[in-house]
Amino acid sequence: RPYAEVLTFKIGGDEKLAEPNFPPLAKPEPPKQTASAADIAEGKELMNGHCSQCHGMNAASGGVTPDLRRLSADTHDHFKAIVMGARLSKGMPSYAEVLEPDEIDKIHAYLIKRANDLLDEEYSDDQ
């Protein structure tokens, strides 16, 4: 999650830093998983081979780019279009010439799995 502060220091100063007030992380909103285990496994390999340079290994971002485990329902709905270039103006390159549509679907299936894993880990106590 992108968050930055600029700090300045004064020689001899005695002020204390305030506790950071990080914005809350987005709760994943994955659609129902419909892919096979084999497609999810292939999606993991494709994701780590093509997307991890920006979005982190296994879809866990370091915070500068979106964490693909935490996609909104709307982003899931438009996932294929985004990967094929719909967000060029926002810095997301097009993979239309790199990935086949079925490969994009497999990556998406893997991300749905990772989102559900995250829901199980972080939000199982919400009920």
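Structure values in brief
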| item | result |
| --- | --- |
| Charge sum, other residues only, whose C-beta stays under 12 Å from ASP105's C-beta, Lys/Arg counted +1 and Asp/Glu -1 | -3 |
| Dipole of the chain, positive end: most advanced residue of THR8, ALA38, PHE22 [Cβ charges, Cα centre] | THR8 |
| Accessible area of the chain belonging to carbon and sulfur atoms, whole % at 1.4 Å probe | 53 percent |
| Which of TYR95, HIS50, SER61, positive extreme of dipole for the stretch 21-103 (C-beta unit charges) | SER61 |
| Cleavage-rule hits, trypsin sites (Lys or Arg not before Pro), the stretch 16-83, DSSP coil, Cβ neighbours within 10 Å at most 12 | LYS16, LYS32 |
| Using alpha-carbon coordinates, inclination of helix 37-50 to the longest axis of the chain, degrees | 50 degrees |
| Over the stretch 61-127: Rg over Rh, Cα atoms, Kirkwood Rh | 1.02 |
| C-alpha long axis of helix 101-122 to longest principal axis of the chain, angle in ° | 50 degrees |
| Equivalent ellipsoid semi-axes - Cα gyration tensor, the stretch 16-127, angstrom | 25, 18, 13 |
| Estimated dipole of the stretch 11-71 in Debye, rounded to 20 [Cβ of Lys and Arg +1, of Asp and Glu -1, Cα centre] | 220 debye |
| Cα-based Lys proximity count in the chain, under 17 Å, for pairs eight or more positions apart or on separate chains | 10 |
| Residues of the stretch 12-54: accessible area per residue with a 1.4 Å probe, Å² | 76 Å² |
| For HIS55, solvent-accessible area (1.4 Å; no DNA, RNA or ligand), Å² | 20 Å² |
| Magnitude of the charge dipole, the chain, Cβ model with Lys/Arg +1 and Asp/Glu -1, debye to 20 | 340 debye |
| Rounded accessible area per residue of the stretch 55-123, 1.4 Å, Å² | 53 Å² |
| Separation in nanometres of the label points that stand 7 Å from Cα toward Cβ, at TYR123 and LYS16 | 3.5 nm |
| Most mobile of ASP74, ASP14, ASP102 in a GNM of the chain (Cα contacts under 10 Å) | ASP14 |
| Exposure of LEU119 as accessible area (Å², to 10), given a probe of 1.4 Å and all protein chains | 40 Å² |
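The values are calculated or read from the model by the stated rules, or taken from the named source; none is laboratory data. For clarity, every value in this text was computed on a predicted model and none was experimentally measured. Neighbour counts run over all protein chains shown; Cβ positions are idealised from the backbone, glycine included. Note: accessible area is taken over every heavy atom of the protein model, side chains too, but ligands, DNA and RNA are not part of it. Shrake-Rupley method; radii C 1.70, N 1.55, O 1.52, S 1.80 Å.
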